[in-house]
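The values are calculated or read from the model by the stated rules, or taken from the named source; none is laboratory data. The structure presented is a predicted model; accordingly, all values stated were derived computationally and were not measured. Every residue, glycine as well, gets a Cβ built from its backbone with ideal geometry; the counts of neighbours run over all protein chains shown. Remember, those area values only see protein heavy atoms, side chains included, never the ligands or the DNA or RNA. Shrake-Rupley method; radii C 1.70, N 1.55, O 1.52, S 1.80 Å.
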Amino acid sequence: MSFALPHFLSVKQINSIITVEVFFTLARNIEMLLKSEKSLNVLKEHILASLFFEPSTRTRMSFSSAFYRLGGKVIDFTPDSSSIKKGESIEDTSRMISSYADIAVIRHPQQGQVNKFANVSNIPVINAGDGSGEHPTQALLDLYTIFKEMNVVTADALKGMQLTMVGDLKYGRAVHSLCSLLCLMPALQLHFIAPEPLRLPPELKEQLIAAGHSVYESEELKPALQKSQVVYMTRIQEERFPDPEEAKIYQGAYSINQKLWQEYASPEAILMHPLPRNSQLNQLEIETDMDNHPKLAMFRQSANGVPIRMGLFVQMLGGEDILL
Ligand code: NCD
């Protein structure tokens, strides 16, 4: 039961939460197997092409790590030393890559380029971030993290949960994809905290309401913090602003430190962040005094990228039955 064929470009390709639950079972099995074996050798002889036209640490490396841990090999595309510099189109680049690899992972700063690449590809393509559009694998690892941290295996067990998303909800593709994925969940209470100009796109808000969720928007973090079981902080996406100077107005607008967390958050709440956090002075969305807090889930969250991406590769290339 794969939601990711022939390509995985959008969370909207997933039409039922049951598919997600089955996929999470696969990811949990992979995690268990990885405890005793370093490599699962299911995709021996396979080649992944990794194309990042935009900076990335976690997403790029966890996709590569996932592929190596399945026994495959990875070839990297480096935009600055590629024929893109000679004027080659994204479509021609895609046609070439199709004969060098068995699957491709691509991130691009301009929304729509990932789809153009996939449209002419003869091999499966995974969207690793498409401008301010979607970041579907991040959404899967985020929801997987919520399931794990809350110790549940079915979506029903999270019914009524209060979740708060904070920061740049306008340009943040991780937020956009997570919201689309939440549309498959039973009724939740969702709080969206952002400066007025960085609110969630109205069509996403409507989709969440149509899916049965209660949606609250505010510029005030503290009241939502008191009610939430999950708090999801995000970085101001400076690189997506028409005028990056404008981003500076909002950087540092929301920040969680130990004092605020102790005073307002409920003891069972978890704190997430897709990372990177902005470490420049006075801009940290989560201050470093939270780094050893047991409820800070963001480093576990990024580690979950490996089993989730391994699961996706076996779903798309075969070998799922061996691991389920
Ligand atoms: C996010 C992204 O690239 O959209 N990072 C990630 O993939 N973990 C969030 C961000 O860059 O702020």
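Quick one: in region 241-278, of everything that is of a type in the set (Lys, Arg) and away from the ligand (no atom under 14 Å from the Cβ), which residue is nearest to GLY167 (Cα to Cα)?
We begin by selecting, within region 241-278, every residue of a type in the set (Lys, Arg); these are 248, 259, 277.
Subset that is away from the ligand (no atom under 14 Å from the Cβ): 248, 259.
Values: LYS248: 13, LYS259: 19 Å.
Step by step, filter region 241-278, then rank; the result is LYS248.
Could you tell me which residue of region 279-324 is modelled with the lowest pLDDT, considering only residues that are within 16 Å of the ligand (Cβ to nearest atom) and over 25 Å from LEU34 (Cβ atoms)?
Here the answer is GLN283.
Okay, residues lined up against (1) free of Cβ contacts under 8 Å to residues at least 40 places away in the same chain; (2) in contact with a helix residue (DSSP H, G or I) (Cβ under 7 Å, 6 or more places away or on another chain):
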residue	(1), (2)
ALA27	no, yes
MET32	yes, no
ASN41	yes, no
LEU48	no, yes
THR57	no, no
LYS86	yes, no
ASP92	yes, no
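Any residue in region 115-126 that is within 16 Å of the ligand (Cβ to nearest atom) and not aromatic (Phe, Trp, Tyr)?
Checked against the condition, which is being within 16 Å of the ligand (Cβ to nearest atom) and not aromatic (Phe, Trp, Tyr), region 115-126 yields at least one hit.
Listed residues SER177, SER214; which is in contact (Cβ under 8 Å) with a residue 12 or more places away in the chain and in contact with a helix residue (DSSP H, G or I) (Cβ under 6 Å, 6 or more places away or on another chain)?
Sole residue among the options that is in contact (Cβ under 8 Å) with a residue 12 or more places away in the chain and in contact with a helix residue (DSSP H, G or I) (Cβ under 6 Å, 6 or more places away or on another chain): SER177.
Wholly within region 212-324, which helices (runs of 4 or more DSSP H) include no fewer than the required count, namely at least 2 residues that are touching a Phe, Trp or Tyr at 6+ places or on another chain (Cβ under 7 Å), open to solvent by less than 70 Å² (accessible area, probe 1.4 Å) and more than 19 Å from SER62 (Cβ to Cβ)?
221-227
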